[in-house]
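Accompanying notes for the structure given below.
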Amino acid sequence: MITYKQNKIFAGITRNIFILGLVSLFTDLSSQMVFPLIPLFMTTVLGSGACAVGIVEGAAETTASLLKVVSGYWSDKIRKRKPFVLFGYSLSSITKPLFALANAWTFVLFLRVVERIGKGLRTAPRDALVAESCDECVRGRAFGFHRAADGIGSTLGAVLAFLLLPMCGYRNIFLFALVPGIVSVFIIFFVKEKNEPAKQETETVSIKLSLKGLPANLKLFIVVSSLFALGHFGYAFLLLRAKNIGLADNTAILLYVVFYIVYSICVIPLGILSDKIGRRPVLIGGYVIFGITALGLLVASTPSSVLLFFIIYGICYAMIDGTQRAFVVDLAPQHLKGTALGVFHTAIGLVALPGGYIAGMLWDKVSPEATFGYGLALTLISVVLLTFVK
């Protein structure tokens, strides 16, 4: 058993978790030099509408989503996580500079899909590796630490995007993103995992049988979190709202930096809180705060009001992001952690395309307020259903 002192905020954070945190830090530094610029690049440079932005953001997650359950299941079966993590991060890193070549939103869509395939391959095995690298009683803290490192990298990447955009332009920033991506891949080689032999079984175990082995309570939680994700319009539409009220592109990116600073500060304490009071109360609080964000964006019309809701969104995202993953592991059987995480991430990914399309269509065809009203309605339903998860 891993020993630690309860009064230390980083107690129980093992070597593997620290290294995986660094990997996420450098990967997200690279990613956030690119991804917050994509909605602005599409609308400002390529002349695309909000519907195209929604399709790109949604399709990227949905197309890759099936890989998350396959990689999670297969990593359970062969008792190996690291190969999936290494290949997934490598694919994502080499794809990002190619956005510099985009002259049409359809090519942006293609690259986003390829990059998210890398994420699909790595996410469930990596989260399972985090869960296996700590004691159960500090699982929320461990996921909080990992998401905080992710958030710090995102903040640094967004700051670089903000500083470099006026000087370098979109395409040069996309090229620069290759450097931290290569660093993140190099760090993965320092991760150590237990050399467990794959189980010798007398009969073939299918993915279908593995899914049947997931508890009903876990399946209910996955349904609830998927419904919430269907209405979770995400940061792309917060950035579009900032532009909608007249802010310049680099100012909108600065608001995104504020969001990730808030997220990075809050995610570890909120992970620890979920260890102490349970995952469900923290998640309900996160859902409610997202509902408040959607409600506020319905009427936000000044830079100060949009800034406030970027801050509030940072808090709610910190409550939800790591806690959902820890809750999935809590509810999953010991031998199906990777599969359970894969199913969870796949379910979230499968609703991303319809969710993004609906949000974008409402924005273009009705009004921005319709997008936020749609998110608010599904959030309220999700809060009610989450109370039934034991």
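Restricted to segment 13-67, and to residues that are of a type in the set (Ser, Thr, Tyr) and either surrounded by 24 or more Cβ atoms within 10 Å (Cβ to Cβ) or touching a Leu at 6+ places or on another chain (Cβ under 6 Å) (or both), which residue is farthest from residue 100 (Cα to Cα)?
65
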| task | Only one of these is out of contact with any Lys or Arg (no Cβ under 6 Å at 6 or more places or on another chain), under 28 Å from residue 313 (Cβ atoms) and either in contact (Cβ under 8 Å) with a residue 24 or more places away in the chain or surrounded by 21 or more Cβ atoms within 10 Å (Cβ to Cβ) (or both): 177, 104, 148, 124. Name it. | result | 148
| message | at pLDDT 90 or above and either more than 22 Å from residue 248 (Cα to Cα) or of a type in the set (Lys, Arg) (or both): which single residue out of 173, 188 fits that description? | response | 188
| message | Suppose the filter is at pLDDT 80 or above, touching a helix residue (DSSP H, G or I) at 6+ places or on another chain (Cβ under 7 Å) and either of a type in the set (Phe, Trp, Tyr) or closer than 30 Å to residue 241 by Cα (or both); does residue 86 pass it? | response | no
| Has segment 247-264 got at least one residue that is in contact (Cβ under 8 Å) with a residue 40 or more places away in the chain and of a type in the set (D, E, K, R)? | yes
| query | Going by the conditions given, is residue 249 charged (D, E, K, R) and under 21 Å from the mean Cα position of the chain (by Cα)? | reply | no
| Only one of 298, 336, 307, 350 is touching a Pro at 6+ places or on another chain (Cβ under 9 Å) and aliphatic (A, V, I, L, M); which? | 298
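The values are calculated or read from the model by the stated rules, or taken from the named source; none is laboratory data. Everything quoted here is computed from the prediction, not taken from an experiment. Don't worry about glycine lacking a Cβ; one is built from the backbone with ideal geometry, like all the others, and counts go over all protein chains shown.
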